[in-house]
Amino acid sequence: MKIMSKKEEGSGKMVDIPSVSAVIVAASVVAGVIYYSFHLRNQTMMRQTDLILRLYSTFHSKEFLKTWEELLKREANGFDDY
């Protein structure tokens, strides 16, 4: 067995707990940012889809179609008529 001096002990490739903890914290932050960005992107797409579906259902209601037909039958001579 070889007896190591203090200088030789510190030069080994052992990793201490604070450095491992720092790496884990950094990886967790990166993972959280990536997760949040994907979640935000998905939420935006869901809101756009919801808006389109609501507009589409409004365009096919009887009330809207009746009002649209009345609007198309009007005769306007200029902007002052409105």
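Read the figures in this text as sums done on the coordinates, not as results from a lab. The structure displayed is predicted, hence computed values, not measured ones.
Stretching the chain fully between R74 and Y36 yields a gain of 8.6 nm (0.36 nm per residue, less the alpha carbon separation). Phi angles across segment 53-65 convert, under the Karplus curve 6.51 cos²θ - 1.76 cosθ + 1.60 with θ = phi - 60°, into 3J(HN,Hα) values of 5, 5, 5, 4, 5, 5, 5, 9, 7, 5, 5, 5, 5 Hz, Gly and Pro given as x.
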